[in-house]
1. Which one of the conditions (1) surrounded by 15 or more Cβ atoms within 10 Å (Cβ to Cβ); (2) of a type in the set (Gly, Ala, Ser); (3) farther than 19 Å from Glu199 by Cβ does Ala57 fail to meet, given that it meets all the rest?
2. So which residues in segment 100-125 are aliphatic (A, V, I, L, M) and touching a residue at least 24 places away in the same chain (Cβ under 8 Å)?
3. Within segment 158-204, track down each residue that is among the β-branched types (Val, Ile, Thr) and more than 24 Å from Ala246 (Cα to Cα).
4. Take the residues in segment 116-133 that are in contact with a strand residue (DSSP E or B) (Cβ under 9 Å, 6 or more places away or on another chain), more than 16 Å from Cys91 (Cβ to Cβ) and of a type in the set (Lys, Arg), then tell me which one is modelled with the highest pLDDT.
5. What are the residue pairs meeting all of these: first residue in segment 87-98, first residue β-branched (Val, Ile, Thr), second residue crowded, with 24+ Cβ neighbours inside 10 Å, Cβ atoms under 6 Å, and 6 or more apart or on different chains?
6. Could you tell me which residue of segment 134-152 is farthest from Cys173 (Cα to Cα), considering only residues that are touching a strand residue (DSSP E or B) at 6+ places or on another chain (Cβ under 8 Å) and either assigned to a strand (DSSP E or B) or in contact (Cβ under 8 Å) with a residue 40 or more places away in the chain (or both)?
7. Can you find even one residue in segment 48-58 that is more than 15 Å from Asn227 (Cα to Cα) and in contact with a helix residue (DSSP H, G or I) (Cβ under 9 Å, 6 or more places away or on another chain)?
Amino acid sequence: MASLKDMRVRIAATKATQKITKAMQMVAASKLRRAQQAAEAARPYAERMDKVLGNIASAVAGSDSAPRLLAGTGATQVHLLVVCTAERGLCGPFNSAIVRLAREKANALLAEGKILKIMCVGRKGADQLRRQYGQYIIEIVELRGIKQIGYAQAHMVADKIIARFNNNEFDVCTLFFSRFKSVIAQIPTAQQVIPPVFEAGKEAGPAASYEYEPEEEEILADLLPRNLSVQVFRALLENAASEQGARMSAMDNATRNAGEMIRKQTLTYNRTRQAMITKELIEIISGAEAL
């Protein structure tokens, strides 16, 4: 049985941990508002750009002059999974949920006999995937030390993807990230970005015919690489908001659990101390009666 001194040390250590988790919760709460605003502000632009590109792409669908980023290589044998996670832990199931979705996709592709390649954006995703899929990881992009995610980081990641596509290193690219819904809800998402899959049926009213200047192929050749950067940027912003929301919830749970542990430890300490006092009193009274 632990001594009273050991119990006091344990209670003090738990209280110190509670102060740390409370501070981390407050920091995450302060960062969450800015990250959430950035993620929500990026959604309309990314969705509208995706819709416009879908309209233009429908005009050149099946054409031999369609850009390679739109038409793809014509094969689906080699798949690149771009897994976007955080650089830090202590954020609950945020990283593991994204990795779990990527792992399910990887297992399905390997079962079909496809060739798998993985690019990790964020150190935590690479750490979790390295044990089982280490031989498939071709590159790790770390964003450590960056206080706020910007378009420059997304453009850098998109350039790496396009360079590998131009070198015929893969046929299909899928982006994995966590879409922010609320502080307690983050949705792991998989989005195919090469060749892009555009959602149809959202436009209201009768279909309209457009004439483009310059030609559709020239517009797509310029906009498709930019759209890839925008989609990666949106994924990184969604991840940033989801990470802070998950960290806020995790630290709140940790703070409450630490408070419960302190209550139980204090109760055990008081009971042990009372038992020792009672035992000493019995010994004193027994000694006095013996005299």
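The values are calculated or read from the model by the stated rules, or taken from the named source; none is laboratory data. Being a predicted model, the structure only gives us computed values, none of them experimental. So basically every Cβ, Gly included, is an ideal-geometry build from the backbone, and we count neighbours across all protein chains shown.
1. (3)
2. So in segment 100-125, the residues aliphatic (A, V, I, L, M) come out as 101-102, 106, 108-111, 115-116, 118-119, 121.
Within segment 100-125, Leu101, Ala102, Ala106, Leu109, Ile115, Leu116, Ile118, Met119, Val121 meet the criteria.
3. Of everything in segment 158-204, those that are among the β-branched types (Val, Ile, Thr) and more than 24 Å from Ala246 (Cα to Cα) turn out to be Ile161, Ile162, Val172, Val193, Ile194, Val197.
4. That would be Lys117.
5. Ile98/Thr85; Ile98/Phe176; Ile98/Ser178
6. Of all residues in segment 134-152, those touching a strand residue (DSSP E or B) at 6+ places or on another chain (Cβ under 8 Å) come to 136-141, 143.
Imposing the further condition that a residue be either assigned to a strand (DSSP E or B) or in contact (Cβ under 8 Å) with a residue 40 or more places away in the chain (or both) reduces the set to 137-141, 143.
Values: Ile137: 14, Ile138: 13, Glu139: 14, Ile140: 16, Val141: 16, Leu143: 21 Å.
Checked segment 134-152; the qualifying residue farthest from Cys173 (Cα to Cα) is Leu143.
7. Step one: filter segment 48-58 for residues more than 15 Å from Asn227 (Cα to Cα), giving 58.
With in contact with a helix residue (DSSP H, G or I) (Cβ under 9 Å, 6 or more places away or on another chain) added as a condition, the list becomes none.
The answer is no; no qualifying residue exists.
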